[in-house]
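Quick note: the coordinates plus some simple rules give every number you see, no bench work behind them. Keep in mind it's a predicted model, so treat the numbers as computed, not measured. Here the Cβ is made from the backbone with ideal geometry for all residues, glycine too, and neighbour counts use every protein chain on show.
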Amino acid sequence: MKLVILGTGNAMARDCYNTCFALVHPSGDYLLVDAGGGNGILRQLRKAALPVEQMHHLYLTHAHTDHLLGAVWMVRAVAEAVKKGRYTGTLTIWGHRPLLEILEPLCRALLPGKLTACFGEIIRFVPIVPGDVLSCLDMELEVFDILSTKALQYGFRCTLPDGGVLTCLGDEPCHPDCRRYAAGCRWLLTEAFCLYDQRETFKPYEKNHSTALDAGRMARELGVENLVLYHTEDKTLATRKAAYTAEAAREFSGRIYVPEDLETLEL
Ligand SMILES: [Zn+2]
């Protein structure tokens, strides 16, 4: 399995795409997790050589613009492929019910009827609840509520085909009651808004985000193997990888990845 990081930025990032990623199966099919804030998702997927025809599962964590609005474009792209006879099978869109109650009417309002005609039969909006175990691409995803105080948000604990575990915490720090979903995992994907050393500049705590140092401490406490940091500010992209890695390493001795947009990791 491969993890393709399609975007690494926070909501207002301009110099990189919003945080979203694909879990790519050896068959080439992939699960897309969040879609960023717009049409840029189509460019990121093209650059990553991930055709929409090979996306049959889309997982949406929460209904914020930087995660959800790109999904409108994915629905459009798949619906166009369906209409042209280029898409086989179905697209399952997983999200919590309030999110889908925004997304589906939005797509119906914005897209022409000839594209929305395949809703229900080919493009399926499937509500999920915490505790659900979702199967796709030889993986199992256990859904959990990250217990956000900002907006209802669902992360997941994914068991990979080889039995390894990848946990996605969404875009907030791990709540104490959610630690069991991340403890001991092989891959922990978590936000780090900025450096602790630059907290006065970027004010991560006001936004309920963490720093690279905080994320490193959390990874150590959770006993994870590999730590992936994303959903960052975009004012320090040129030095981000080195600086965030060094700061997280003050707390965490496992492997630390601070990917650029379109970087790929072998899981
Ligand atoms: Zn976000």
(request) Under a 10 Å cutoff between Cα atoms, tell me which one of E221, E247, E200 has the largest fluctuation in the Gaussian network model of the chain. (result) E200
(request) Based on other C-beta atoms within 10 Å, arrange M1, M12 from fewest to most. (result) M12, M1
(request) Please report C168, C107, C136 as a ranked list, fewest other C-beta atoms within 10 angstrom at the top and most at the bottom. (result) C136, C107, C168
(request) Could you work out how far helix 237-249 tilts from the main Cα principal axis of the chain, as a 0 to 90 degree angle to the nearest 10? (result) 60
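Given contacts defined as C-alpha pairs under 8 Å and at least six residues apart, what's the relative contact order of the range 1-147, whole-number percent?
Relative contact order of the range 1-147: 18 percent.
Normalised by the number of residues in the range 124-267, what is the relative contact order in percent for Cα pairs under 8 Å and 6+ residues apart?
After rounding, I find 17 percent.
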(message) What is the angle, in °, between the Cα long axis of helix 65-83 and the longest principal axis of the Cα atoms in the chain? Nearest 10 is fine, range 0 to 90.
(response) 30
(request) Mind pulling the angle between the C-alpha long axis of helix 212-222 and the longest principal axis of the chain? Nearest 10 degrees, somewhere in 0 to 90. (result) 90
(request) Mind sorting I102, I128, I5 by how few other Cβ atoms lie within 10 Å of their own Cβ, fewest first? (result) I102, I128, I5
(request) Quickly estimate the mean residue ellipticity at 222 nm for the chain, helices only: each DSSP H run with n ≥ 4 gives -39500 (n - 2.57), and the total goes over all residues, rounded to 500. (result) -8500 deg cm²/dmol
(request) Find the relative contact order for the range 2-260 and round it to a whole percent, using C-alpha pairs within less than 8 Å whose residues are 6+ positions apart. (result) 14
(message) Quick check: the distance between the Cα centres of the range 51-73 and the range 171-199, to the nearest angstrom?
(response) 22
(message) Let me spell out the model: positive unit charges on the Cβ of Lys and Arg, negative unit charges on the Cβ of Asp and Glu, origin at the Cα centre of the chain. What dipole size does that give, in debye rounded to 20?
(response) 600
(request) Positive end of the charge dipole of the chain (Lys, Arg +1 and Asp, Glu -1 on Cβ, about the Cα centre): tell me which of V72, M218, T201 has its Cα farthest that way. (result) V72
(message) Suppose we flag trypsin sites (Lys or Arg not before Pro) only when DSSP calls them loop and at most 13 other Cβ atoms lie within 10 Å. Which is the longest uninterrupted stretch of the chain?
(response) 151-249
